[in-house]
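Okay, structure first, notes after.
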Amino acid sequence: QVQLVESGGDLVQPGGSLRLSCTASGRIFGISFMGWYRQAPGKQRELVASITNSGYTNYADSVKDRFTISRDSAKNTVYLQMNSLRPEDTAVYYCNFKRALPWADYWGQGTQVTVSS
């Protein structure tokens, strides 16, 4: 099993910045995908950003050039740096780790990000 703990969510004004962290513990061998999803009220959960174990990153169009995903393998932590935040970024943000073999899909408990003046 893998446990994921997110932190960093907060209330921030439009144009502000936040950094989310997700720290993994447990049997983290073979993790090949680390991502951040978000879910706003009344909407489906969507992939915001992801990074593979080889360092390949991918971003949703809505966050490109504003958000940056990174990882610290020594700390088993993945980060999401969010700049130029907009009200539409308001959501619960979830950390997700995946392992291909054997297949496993782990989720954190979520952290609330609210962008409002």
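The values are calculated or read from the model by the stated rules, or taken from the named source; none is laboratory data. What you see is a predicted model; the values in this text were computed from it and never measured. Every residue, glycine among them, receives a Cβ derived from its backbone with ideal geometry; neighbour counts consider all protein chains shown. Heavy atoms of the whole protein, side chains included, go into the accessibility calculation; ligands, DNA and RNA do not. Shrake-Rupley method; radii C 1.70, N 1.55, O 1.52, S 1.80 Å.
Annotations
- Per-residue Karplus couplings for region 31-40, computed as 6.51 cos²θ - 1.76 cosθ + 1.60 with θ equal to phi - 60°, are listed in order as 5, 10, 9, 10, x, 10, 10, 9, 9, 8 Hz, Gly and Pro entered as x.
- Per residue value of the accessible surface for the chain (all protein chains in place, 1.4 Å probe), Å²: 54 Å²
- Inter-label distance for Ser84 and Ile28, nm, one decimal - labels placed 7 Å from Cα along Cα-to-Cβ: 3.1 nm
- Taken along the Cα-to-beta-carbon direction at a fixed 7 Å, the label points for Thr57 and Ser17 span 1.3 nm.
- Couplings 3J(HN,Hα) of region 66-80, computed from phi: 10, 10, 9, 9, 8, 9, 10, 5, 5, 9, 6, 10, 10, 10, 10 Hz, in residue order, whole Hz [Karplus 6.51 cos²θ - 1.76 cosθ + 1.60, θ = phi - 60°; x for Gly and Pro].
- Taking the 1.4 Å solvent-accessible surface of the chain as the whole, the part contributed by carbon and sulfur is 49%.
- Area accessible to solvent at Ile28, 1.4 Å probe radius, in Å²: 50 Å²
- Part-to-part distance (alpha-carbon centres) for region 39-54 and region 69-91, which is given in Å: 11 Å
- With every protein chain in place and a 1.4 angstrom probe, the accessible-area ranking of Arg19, Arg66, largest first, reads Arg19, Arg66.
- Amide H within-cut-off set for Arg71, under 5 Å, with H built and near neighbours excluded: Tyr79
- Sequence-distant contacts, meaning Cα pairs under 8 Å at least 6 residues apart, place the relative contact order of the chain at 36 percent.
- With all protein chains modelled, accessible area of Val5 [1.4 Å, Å²]: 90 Å²
- Exposure rank, largest accessible area first [Arg86, Arg27; 1.4 Å]: Arg27, Arg86
- Residue-wise HN-Hα coupling along region 2-10, computed from phi with Karplus coefficients 6.51, -1.76, 1.60 (Hz; x: Gly, Pro): 10, 10, 10, 10, 9, 7, x, x, 6
- Here is the list for region 57-117: chymotrypsin sites (Phe, Trp or Tyr not before Pro) lying in DSSP coil, each with at most 15 other C-beta atoms within 10 angstrom of its C-beta, are Trp103.
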